[in-house]
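First up is the structure itself, then whatever we jot down about it.
The values are calculated or read from the model by the stated rules, or taken from the named source; none is laboratory data. Given the structure is predicted, the values throughout are model-derived calculations rather than measurements. Cβ: placed from backbone, ideal geometry, glycine included. Neighbour counts: every protein chain shown. The area values use the complete protein model at the heavy-atom level, side chains included, leaving out ligands, DNA and RNA. Shrake-Rupley method; radii C 1.70, N 1.55, O 1.52, S 1.80 Å.
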Amino acid sequence: MRKIVILIVLSIVFIGCNKVEGEGGTSSITGKLIVNDLNGLGNLQATFPGADEDVFIVYGKDNTTYNDKVSTSYDGTYRFDNLTEGSYKLFSYSKCDTCASGSIVVSVDVEISAKKQVIEAADIVIIK
């Protein structure tokens with residue numbers, strides 16, 4: 001009987017230790033935000049690193065709200081630290097003349113598969 005109780009307690013502990021995506025880990029995601037500057041006719045005038053732009057992170061595939069945000073550096077780079085293994089979505093807002101809100105979400109998906117990883121996300125390219 002004692003062995004069964006110990007087995008049940010250990011099972012509960014291990015089930016409770018399953019971490020979901022989010023903070024508390026040893027991995028990081030880095031990336032770069034690029035801005036495409038269009039003229040009034042929609043023609044590309046310039047492309048440059050997006051300085052001081054907000055990049056948001058969503059923990060997990062089923063989450064519908066962002067969990068954290070950072071501002072990009074002068075060279076458009078950003079970094080999210082202390083992440084656990086799992087799926088993440090990174091996004092920023094881009095200008096959209098045909099959208100009712102005037103902006104549209106531009107996102108990239110990232111998967112962290114092991115501890116102590118530094119994942120380089122695909123560039124997030126927005127329009128200003």
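Which distance in nm do the two modelled labels at T98 and N63 give, with both placed 7 Å along the Cα-to-Cβ direction?
The answer from the label model is 3.2 nm.
Which semi-axis lengths, in whole Å and largest first, follow from the square roots of five times the eigenvalues of the Cα gyration tensor of the chain?
The three semi-axes for the chain are 41, 15, 9 Å.
Considering only protein heavy atoms and a 1.4 Å probe, what is the carbon-and-sulfur percentage of the accessible area of the chain?
55
Just add up the charged neighbours of N36: K/R +1, D/E -1, any other residue whose Cβ is under 13 Å from the Cβ of N36.
-1
Which of the three applies to the range 47-100, rounded, prolate or oblate, going by the alpha-carbon gyration tensor with a ≥ b ≥ c and a/c under 1.5 meaning rounded?
Verdict is oblate for the range 47-100.
Using alpha carbons only, how many degrees (0 to 90, rounded to 10) separate the axis of helix 2-16 from the longest principal axis of the chain?
Approximately 0 degrees, to the nearest 10.
For a quick check: with amide H placed at 1.01 Å from N, whose amide H comes under 5 Å from T77's, ignoring anything fewer than 5 positions away on the same chain?
Hits under the 5 Å cutoff: L33.
Which value, in Å², gives the accessible area per residue of the chain when a 1.4 Å probe is used on the protein heavy atoms?
So the chain comes to 65 Å² accessible per residue, rounded to a whole number.
Over the chain, what relative contact order in percent results from Cα pairs under 8 Å that are six or more residues apart?
Values: 289 pairs, mean separation 39.7, N = 128.
Rounded, it is 31 percent for the chain.
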